[in-house]
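Every number here is computed from the coordinates shown, using simple stated rules; none is lab data. Everything quoted here is computed from the prediction, not taken from an experiment. Heads up, the Cβs are rebuilt from the backbone with ideal geometry, glycines too, and the neighbour counts pull from every protein chain shown.
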Amino acid sequence: MNAVGGAVSLLATDRLAARRRGILLGLGTCAVLAALIALGTGAVAISPLQVIAILLAQFGIDAGVLVVPQQDAVLMSVRLPRVLLSLAVGAVLGIGGAALQALFRNPLADPGLVGVSGGAACGAVAWIVVGGMAANWSLGAWGLPLAAFVGGFAAALGVYAVARSEGRVDVAMLLLAGLAMNALTGAILGYLIYLGDEQQVRALTFWLLGSLGGATWGTILPALVFIAVALVSLAPLARAFDALALGEAEAGHLGVPVEGLKRWTVAGVTLGVGAATALTGIIGFVGLMAPHLVRLIGGPAHRFVLPASALLGAALVTLADTGARMAVVPAELPIGVVTSAIGAPFFFWLLRARMRDRGWR
Amino acid sequence: MTAGHGLCAHEVSFAAGDKRILDRVSVCVEPGELVAVVGPNGAGKSTLLKLLAGDLAPQAGEIVLNAKPLRGWNAAERALQRAVLPQSPSLAFAFRAWDVVELGRHPHQGRASATEHHDAVHGAMDAADVARFAARDWRSLSGGEAHRTHFARALAQLWAPLADGRARFLLLDEPTASLDLFHQHAILARAYGIAEAGAGVLAVLHDLNLASAYADRIIVLSEGCVAAEGTPSAALTGDVVTKVWRVPCEIASDAATGRPVVAVRRATTPPFAARLAAE
């Protein structure tokens, strides 16, 4: 009887592992397809074949596909940096959401929660209202993301300091401190917007709602480096996150250095999401949706959830940005409007589903 | 007290605010023995277990694990040498029972082969009688089934002896609380088997007869102090039970093992009724 049960369980384990590999492959394909669609869509249409030909041509390979010089210029100088940024931002929002959900042991957590997004927004708005618009634009292009990053980091540090006592970080306190921090950053934002003139308020509003329109090779490179560091530092934590699902004391019993894990996670998420928010403004709900969806199809093991959330986040943001570009041609919608329009109903559904879960459990 | 290969608390005290929970308590678990800690509510049993597990640090005294102060071992090293089954284990997210038990292998990542991991998880699930739930979402398990799944996780953690011969210890906080009669005895028989195989086991128990039937040694805690300690017959005397638990009782002797059996007599005046009558 036990031998039979064991054999069945072994098969089930292998099947799940194979299924997860398949899902990761599928999500990777989705991200690539989303990138091809995004690269090809716009005022100058470029077919997927032409996209590939132009990219290959950069490495000196002639694919033998006819390409107009204008297509080459648009792709290389406008769309490619934007798509790279959307992939990177989506990936870091996805993995950041998954990491915070693991840390809080709560599937409703989101990078906005620890105050990173709000703090980054404050930093950027302060820059725009107080100094940014007075300076010339080339300084503004660097000052804005820098100010946002500093703001995000300061907010996360503040939340962390409040939640920390006697060498430990209490997760419930971290959630409450994040809530208070978001209220504080909201008040600061409101005051700064009140101070701003009409032109500034318009710039602020667009930035607050999220946009990848500012992506150029010059602006995205620092962000890509920061995001890469965040991805590399969060990815190896998967097994520790699994153990953390048992609770902090229990994870400690299993040999996880829990306090170090918490600090490392908050630092990694702040680094990545802060850099992303600096360039693109607040893109809501991706960090909530991506991990939840991949858990639904492949289970909660973080060796799967972390990479899968990154891939799905990358695909989601890239598609959402394409939608934002195409919805009201020749103008653009803020991408945050698109992700929130999809994400908010999803969040309602999630809450209802969890209520039903509780009744059953 | 010798500081050999054991898990020992030396004269530990712990207070929460003004309330003294443990007062200069010395307790030792040696490899190869099953020690039961019993006592009334609030006697400090769970606190003692948390001190031994390293969740709390004693305000006075010291915990020693395998001849080295517990705080001298890092988290990963501690995890190789001792596993803990908490009173009410919980888990976020919809892991399957197999995944839960596999978490017990975390300290051994990179130290054991995939086959060894698999054998340990499989063996532990068989030992805890949960192999047939392996592919099920743990949230669909009953309280007792989930508890046994976590017991299997603790077993998987201590599955193989350590290469350098250091002793392993298993700490169980009320392991029988949510189990039916069969599984109460099954889990303690398994814990006894682990002790026979060379590990030290400390179990916090409420049921004196279960403690008497399986423990090599019983420690009776009362109001933060050790009230009695020794073999079941030495620790569970009529005097001790009556004084510590404030119930009238008779101590019989098990016909097969000679171990004490505690029979509590029905209280003649229900305490609440007496108080009502007095008012």
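Given springs between every Cα pair under 10 Å in a Gaussian network model of chain B, which of B:77, B:102, B:62 has the largest fluctuation? Fluctuation is largest for B:77.
About its Cα centre, chain B has a charge dipole of approximately 360 debye under the convention of +1 per Lys or Arg Cβ and -1 per Asp or Glu Cβ, with nothing else charged. Does a label point 7 Å from the Cα of residue A:76, set along Cα-to-beta-carbon, have any residues of region A:27-51 with amide nitrogen under 14 Å, and which are they? Residues A:51 qualify, since their backbone N sits under 14 Å from the label point. Available extension along the chain between residue B:119 and residue B:88 is 8.5 nm, counting 0.36 nm per residue and deducting the alpha carbon span. Can you list residues from other chains, or at least 5 along the same chain, whose modelled amide H is less than 5 Å from the amide H of residue B:229? So residue B:229 has HN proximity to B:220. Select from A:310, B:212, A:162 the residue farthest towards the positive end of the dipole of the protein assembly as shown; place +1 on Cβ of Lys and Arg, -1 on Cβ of Asp and Glu, and compute about the Cα centre. The listed residue farthest towards the positive side: A:310. Here the Karplus relation 6.51 cos²θ - 1.76 cosθ + 1.60, evaluated at θ = phi - 60°, turns the backbone of region B:167-182 into coupling constants of 6, 10, 10, 10, 10, 10, 9, 6, x, 9, 4, 9, 9, 6, 4, 4 Hz, with x for every Gly and Pro. Rounded to 0.05, the FRET efficiency of the residue A:353 and residue B:237 pair, given R0 = 51 Å and the Cβ-Cβ distance, is 0.35.
At a Cβ-Cβ separation cutoff of 4.7 angstrom, cysteine residues of chain B with no neighbouring cysteine are B:225, B:249. Across peptide B:83-92, the average count of Cβ atoms from other chains found within 10 Å of a residue's Cβ is 4.
Projecting the Cα atoms of A:223, A:236, A:119 onto the dipole axis of chain A, where Lys and Arg carry +1 and Asp and Glu carry -1 at the beta carbon, places A:236 farthest toward the positive end. A straight line joining the Cα centroids of region B:186-241 and region B:242-262 runs 13 Å.
Relative contact order of chain A, taken over Cα pairs closer than 8 Å and 6 or more residues apart, is 28 percent. Quick check: from the Cα gyration tensor, does chain B come out rounded (a/c under 1.5), prolate or oblate? The shape class here is prolate.
Region A:230-300 and region A:25-55 have Cα centres spaced 29 Å apart.
Comparing A:143, A:272, A:210 in a Gaussian network model of chain A, where Cα atoms under 10 Å apart are tied by springs, the biggest mean-square fluctuation is seen for A:143. Per residue, the average separation of C-alpha pairs within less than 8 Å and at least 6 apart gives chain B a relative contact order of 24 percent.
Need one value for A:250-262: mean number of C-beta atoms belonging to other chains within 10 Å of its residues' C-beta atoms.
The per-residue average across the peptide is 6.
Backbone amide hydrogens, once placed in the peptide plane, bring residue B:200 within less than 5 Å of B:32, B:168, B:169, B:170, excluding anything fewer than 5 places away on its chain. Other protein chain C-beta atoms within 10 Å of residue C-beta, averaged over A:158-164: 0. Result for chain A in a Gaussian network model with C-alpha springs under 10 Å: among A:253, A:292, A:302, the largest mean-square fluctuation is at A:253. Once you order the gyration tensor axes a ≥ b ≥ c over the Cα atoms, which shape class does chain A get: rounded for a/c under 1.5, otherwise prolate or oblate by comparing a/b with b/c? Since a/c reaches 1.5 but b/c is at least a/b, the shape of chain A is classed as oblate.
Label-to-label distance for residue B:16 and residue B:255 is 4.5 nm, based on points extended 7 Å past Cα in the beta-carbon direction.
If you plug the beta carbon distance of residue B:137 and residue A:202 into 1/(1 + (r/R0)^6) with R0 = 60 Å, you get a FRET efficiency near 0.75.
Taken over the protein assembly as shown, lysine pairs spaced eight or more positions apart, or on distinct chains, with alpha carbons under 29 Å apart number 9. From the Cα gyration tensor of the protein assembly as shown, with a ≥ b ≥ c the square roots of its eigenvalues, which class applies: rounded if a/c is under 1.5, or else prolate if a/b is larger than b/c, or else oblate? Prolate, because a/c is 1.5 or more and a/b exceeds b/c. Converting phi to 3J(HN,Hα) with the Karplus coefficients 6.51, -1.76 and 1.60 and the offset θ = phi - 60°, region A:255-271 yields x, 7, x, 4, 5, x, 4, 4, 4, 4, 5, 4, 5, x, 5, 5, 4 Hz in sequence order, with x at every glycine or proline.
With each label modelled as a point 7 angstrom along the Cα→C-beta vector, the residue A:191-residue B:59 pair spans 4.2 nm.
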